[in-house]
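What follows is a short report on a single structure.
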Amino acid sequence: MTKSLGIIKSIKPRIREVRLSLHLLGRNRLTRLSLGVVILLILTALVSPFIVPHPEHIEKETNPVDKLQPPSGKYFFGTDELGRDIFSRVIYGTRISLKTALVAVGLALIIGIPLGAIAGATGGLVDEVIMRITDIFLSFPPLLLAIAIAAFLGPSLENAMLAIAVSWWPWYTRLIRGQAVSIKERQFVKAARAIGTPPIRIIFGHIVPNCIAPVIVQASMDIGGVILTIASLSFLGLGAQSPTPEWGLMVSTSRNYFLNAWWYSIFPGLAIFITVLVFNLLGDGLREILDPRTRKI
Amino acid sequence: MPKNILEVKDLKKYFPIRSGFFSKPVAWVKAVDGVSFEMQQGEVLGLVGESGCGKTTLVNVLLKLEEPTSGKVFFDGLDLFNMDKKDLRRIRKHLQIVFQDPFWSLNPRLLIRDIVGEPIKVHTELGGEELVKRVGNLLEMVGLPRDGVYMYPHEFSGGERQRIAIARALALSPKLVVLDEPTSSIDILSQAQILELLKELKKSLGLTYILISHDLSVVSHMADRIAVMYLGKMVEYGPAEQVFSQAAHPYTQALFAAIPTLDTEGIDSIATIEGNVPSAINPPSGCRFHTRCPMAKDICSQKEPAMVRLGGGHTAACHFINQK
Amino acid sequence: MSGYFEIENLNVGFKTFEGEKNVLDIDSLVLDKGETFGIVGESGAGKTVLALTILRLLSTPPAVIRSGSINFNGENLLQKTEKEMRRIRGRKISMIFQDPMSTLNPVFTVGEQIVRVFMNNKKLSRKEAAKEALSMIDMVKLPDAGNIMGKYPHELSGGQRQRIVIAIALSCGAEFLIADEPTRNLDVTIQAGILKLVAELQRELGVTVLFIANNLGLVSVICNRVAILHEGRIIETGKAREVLRGSRHPYTHTLLNAVPGGSVERVLPGVLMPGGEKGTSGEGCRYYSRCPERQDICRARVPDPGEISGTHTVACHRAFKGGEAGAKEYSGS
């Protein structure tokens with residue numbers, strides 16, 4: 001009983017922090033809008049299999065009778081060359097894009113954060129080794145590296161995710177490392193050392209939580225970038241494979257019909273555009289509020 | 001006779017200056033250059049000097065946050081520079097520090113429970129409700145409400161944060177607490193309160209302090225003994241009353257003259273020391289203070305003055321002091 | 001009658017997460033030309049807000065200037081447009097901040113930074129500006145001005161940096177200087193140098209200085225008159241000597257007691273422990289919860305400032321009762 005009370009008490013200040021953050025987020029109209037759209041996108045992704053008007057068009061079934069129909073009351077965004085409802089496929093695509101982007105960024109973070117934190121906090125030879133490896137990865141343009149890895153692993157959505165994670169983590173490592181180098185000079189880290197706190201605890205208990213803000217900002221912006229990269233890979237035939245309703249793949253296939261069926265490429269393209277935009281805006285907004293010193297008021 | 005809790009013998013800390021990446025050092029910053037002193041249990045040593053005089057480096061070395069270049073430090077009879085990691089960690093319990101800047105000495109992402117509780121978690125098995133209770137007690141001891149346990153550092157003022165830092169330092173009932181400029185970045189009312197608190201805690205817990213400050217008037221409230229440092233060297237050392245009433249070294253005198261107090265009549269009655277602290281890379285020859293000293297003569301730049309005994313444990317390093 | 005610098009009924013609030021807070025509530029503050037006036041208070045008392053309000057540098061929102069006027073040379077600063085203010089800042093009113101490192105641009109040499117001020121504001125050629133800059137560095141008593149000109153801010157010591165900041169502040173001929181805790185975080189020896197410099201410049205150039213600090217001892221050394229600010233209100237004002245020796249407000253007593261003295265024997269009188277709710281604005285005296293001499297009336301009514309002498313004003317109910325609190329003189333050191 002008393003124990004659960006303690007847990008509640010320790011959650012309360014965190015709720016206060018979250019409320020303050022939301023309050024600050026809400027102050028900027030653009031951030032408020034992007035946050036709203038992101039939440040809408042996530043909700044859409046969660047419920048998309050149940051709300052789309054033509055769930056049968058998502059994977060297997062085709063409907064040649066209605067092929068390449070313009071937008072209408074029955075097919076809001078028209079149909080593609082196999083007569084599938086583009087609206088249903090675009091909505092369902094949210095799920096695919098968000099999921100792959102989150103997994104890819106998450107993987108990159110899982111690799112990147114500990115490596116960067118250890119490099120920055122330890123310094124010396126460990127730092128040199130980790131950062132030189134990072135430099136090797138960073139010396140390739142990320143899209144090119146992702147294409148190479150995806151091509152090597154074989155074309156599939158899972159491999160595309162992996163390829164993106166592998167080409168993305170060095171950016172987080174470098175970001176975290178830079179932060180960690182400055183954070184480790186802070187007095188609270190010195191204080192922890194004076195107390196006798198073991199190094200691993202200093203890194204993950206003190207340094208990482210204080211370096212994480214810019215990484216969260218970067219990651220939320222990268223979600224947009226990753227969605228774009230997945231779309232690019234799919235467009236090149238290295239990512240999602242037909243009939244998966246992935247936006248990039250849809251744009252890719254639509255090229256052949258662009259002259260007579262504008263809706264085919266416009267709607268998936270618009271979906272990519274909006275998603276990337278709102279994640280970037282959200283990242284901008286987060287940057288403003290995540291610094292504990294500037295958010296007092 | 002009470003035993004010495006701390007003995008520092010000819011402690012030196014030089015930082016190398018390298019010109020290339022892997023190259024050999026081209027010069028040395030002599031941050032601490034041969035400092036010796038002793039402290040007895042329950043006493044307060046005031047360590048005074050301008051920034052750059054090496055007092056913070058001295059403390060970092062004492063706490064083994066940095067490796068010394070040479071010299072010895074005995075804490076409670078144990079050689080601090082000659083012990084394995086396990087022993088060192090045990091010793092850390094008894095050797096604590098309160099830093100200058102209360103804004104960066106507390107991890108902004110942690111609850112006070114976790115900040116003050118950290119040393120307890122690291123060194124004991126205590127956890128859960130017990131830990132919260134301990135932290136609450138500590139907060140009360142430093143004059144903060146128990147509810148503070150579940151708050152973040154930014155919800156407190158500068159003076160209150162410094163109290164939290166003190167609570168953390170006292171969490172494991174240390175023997176020696178180093179106070180590194182504990183009041184120099186908070187305002188004067190909080191300063192008075194913190195000094196008062198430190199005094200009370202010392203009395204009730206039998207603590208030993210090393211109090212570091214650039215302000216002699218701050219030290220005056222607490223110290224039993226005062227050590228004045230200039231450019232890595234100790235220039236004057238002695239019982240507080242004697243140093244205050246008969247400051248022997250011109251540098252100590254200058255430090256006193258610079259403090260504006262309520263008795264100071266107008267701007268002309270405070271004095272400054274001309275010039276800046278010279279670089280510790282190539283410190284001035286002879287007496288290191290001679291470049292700024294109003295009494296400097298030829299001998300000062302040629303010969304380094306030895307510590308002169310003035311009686312009663314009061315010593316100072318200046319050529320113009322008559323030995324008693 | 002209109003003075004040189006006059007603040008009247010100034011009320012500034014802050015919009016925060018939890019609602020609006022009153023941060024500054026000044027009935028009247030008058031400065032004469034050429035004097036050094038000290039504002040003393042704890043952090044959070046509104047000292048910096050006052051400075052920024054005068055220069056109109058306060059970001060609104062979150063701050064709201066609710067009412068009042070700031071008359072400077074007969075013109076109300078609060079009614080100036082941003083464009084007009086830009087011409088006043090630097091040329092008429094200048095400010096030096098607490099932290100000289102963040103005031104100076106780290107990527108330019110200090111010489112370059114002073115030269116630019118001259119080039120931009122006085123439209124001088126680079127050569128003329130450099131000459132002016134040299135004389136400014138001489139003016140703030142930095143030896144070897146030519147050498148200093150070529151240094152970057154991080155190559156200078158804290159005291160030298162603050163001198164450069166003062167040089168920049170005065171380079172456009174400002175006649176009114178706001179110094180916001182210019183010696184905070186500086187060593188006492190450096191502090192003494194900066195204080196002397198401010199006093200000398202004030203004497204030589206005849207500038208008016210508004211000196212903000214938290215240490216009454218420090219302010220009393222260089223100021224003719226002082227005002228004690230407590231939670232946005234001036235609770236006592238008068239000549240430095242009057243406030244120091246004949247203070248009538250319990251809060252001023254506390255501040256005086258907090259100034260570290262020079263002798264070992266001096267014991268700090270029990271300065272109050274923190275506690276009591278802060279910032280309970282509205283009814284009553286704001287010092288009520290921490291005041292050792294509080295009465296019922298203090299809670300019920302805000303004390304109005306009353307005159308002790310022609311120059312000395314105190315806002316405290318007890319100051320005029322002739323009671324124990326009233327006549328108590330400060331007996332320190």
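Readers should treat all values here as calculations from the given coordinates under stated rules, not as data from a laboratory. What you are looking at is a predicted structure, and each value in this text was computed from that prediction instead of being measured. Reconstructed Cβ throughout: ideal geometry from the backbone, glycine too, with neighbour counts over all protein chains shown.
With a 10 Å cut-off around each Cβ of B:106-113, the average count of Cβ atoms from other chains is 6. Taking amide H positions as modeled 1.01 Å from N, with prolines and chain starts lacking one, the residues under 5 Å from B:Leu310 and 5 or more places away or on another chain are B:Thr315, B:Ala316. Taking θ as phi - 60° and the Karplus parameters 6.51, -1.76 and 1.60, the scalar couplings of region B:222-230 work out to 10, 6, 8, 9, 10, 10, 9, 10, 9 Hz in sequence order, x denoting glycine and proline.
Think of it as helices only: each DSSP H run of n ≥ 4 in the protein assembly as shown is worth -39500 (n - 2.57), and spread over all residues that comes to -14000 deg cm²/dmol at 222 nm. Residues in region B:135-144 carry Karplus couplings, in order, of 4, x, 4, 4, 4, 4, 4, 9, x, 10 Hz; the curve used is 6.51 cos²θ - 1.76 cosθ + 1.60 with θ = phi - 60°, and Gly or Pro positions show x.
Thinking of the protein assembly as shown as a set of Cα atoms, what percent of all their pairs are more than 45 Å apart? Result for the distance tail: 42 percent. Both numbers refer to the Cα atoms of region A:42-102; Rg and Dmax are 11.7, 37 Å. Shown for B:Ile166, C:Ile308: other C-beta atoms within 10 Å of each C-beta, ranked fewest to most, produce the order C:Ile308, B:Ile166. With the Kirkwood sum run over all distinct C-alpha pairs, chain B has a hydrodynamic radius of 21.1 Å.
Tell me the net charge near A:Ala108. Cut-off is 14 Å between Cβ atoms, A:Ala108 excluded, with +1 for each Lys or Arg and -1 for each Asp or Glu.
Result for the local shell: 0.
Within the listed set A:Arg186, A:Arg32, A:Arg174, the Gaussian network model of chain A (springs between alpha-carbon atoms below 10 Å) gives the highest mean-square fluctuation for A:Arg186.
Calculate the mean, over all residues of peptide A:195-205, of how many other protein chain Cβ atoms lie within 10 angstrom of the residue's Cβ.
So the per-residue partner count for this stretch is 4.
With the simple model of a label 7 Å out from the Cα in the direction of the Cβ, A:Val47 to C:Glu155 spans 6.6 nm. May I ask for the angle, rounded to the nearest 10°, between helix C:126-139 and the longest principal axis of chain C, with both axes built from Cα atoms and the value confined to 0 to 90°? Rounded to the nearest ten degrees, it is 40.
Taking amide H atoms as placed 1.01 Å from N in the peptide plane, the amide H of A:Glu81 lies under 5 Å from those of A:Leu68, each 5 or more residues away in sequence or on another chain. May I ask you to work out the translational diffusion coefficient for region A:94-289 at 10 °C, viscosity 1.306 mPa s, via Stokes-Einstein with Rh from the Kirkwood sum over Cα pairs, reported in whole µm²/s? The Stokes-Einstein estimate is 88 µm²/s.
The C-alpha radius of gyration of chain C, expressed as a fraction of 2.2 N^0.38 Å, stands at 1.05.
Taking amide H as placed 1.01 Å from N in the peptide plane, the amide H of C:Ser94 sits under 5 Å from that of C:Phe176, C:Leu177, C:Ile178, each at least 5 places away or on another chain. Shown in residue order for region B:100-108 are the 3J(HN,Hα) couplings computed by the Karplus curve 6.51 cos²θ - 1.76 cosθ + 1.60 at θ = phi - 60°: 5, 9, x, 7, 10, 8, 10, 4, x Hz (x for Gly and Pro).
On the principal axes of its alpha-carbon atoms, region A:219-271 has extents of 39, 20, 15 Å, going from largest to smallest.
Taking a straight line from the alpha carbon of C:Lys127, these lysines sit under 19 Å away, with near neighbours fewer than eight places off in the same chain left out: C:Lys151. Above 20 Å, the calculated P(r) of region C:34-116 contains 47 percent of its Cα-Cα pairs. The residues neighbouring B:Lys3, those whose beta-carbon lies less than 11 Å from its own, together hold a net charge of -3 under the Lys/Arg +1, Asp/Glu -1 convention.
The listed peptides C:163-172, B:307-316, A:98-107, ordered by packing as a protection proxy, come out as C:163-172, A:98-107, B:307-316 (highest mean of other Cβ atoms within 10 Å first). Here B:Ser157, C:Ser94, B:Ser279 are placed in order of increasing Cβ neighbour count within 10 Å, fewest first, which gives B:Ser279, B:Ser157, C:Ser94. Taken about its Cα centre, the protein assembly as shown carries a charge dipole of roughly 760 debye when the Cβ of each Lys and Arg holds +1 and the Cβ of each Asp and Glu holds -1. Rounded to the nearest 0.05, the FRET efficiency derived from the C-beta distance between B:Thr124 and B:Ser36 at R0 = 41 Å is 0.70. When only the Cβ of Lys, Arg, Asp and Glu is charged (+1, +1, -1, -1), the dipole of region A:94-289 relative to its Cα centre reaches about 400 debye. Each of C:Lys33, C:Lys123 has some number of other Cβ atoms within 10 Å of its Cβ, and from fewest to most they run C:Lys123, C:Lys33.
Take peptide B:252-258, look around each residue's Cβ out to 10 angstrom, count Cβ atoms belonging to other protein chains, and average those counts.
If you average over the peptide's residues, the count of other-chain Cβ atoms is 3.
With kT/(6 pi eta Rh) evaluated at 37 °C and eta = 0.692 mPa s, and Rh the Kirkwood radius from Cα pairs, region B:237-324 diffuses with a coefficient of 229 µm²/s according to Stokes-Einstein. Between A:Leu138 and B:Asp147, the simple spin-label model (points 7 angstrom out along Cα→Cβ) gives 4.7 nm.
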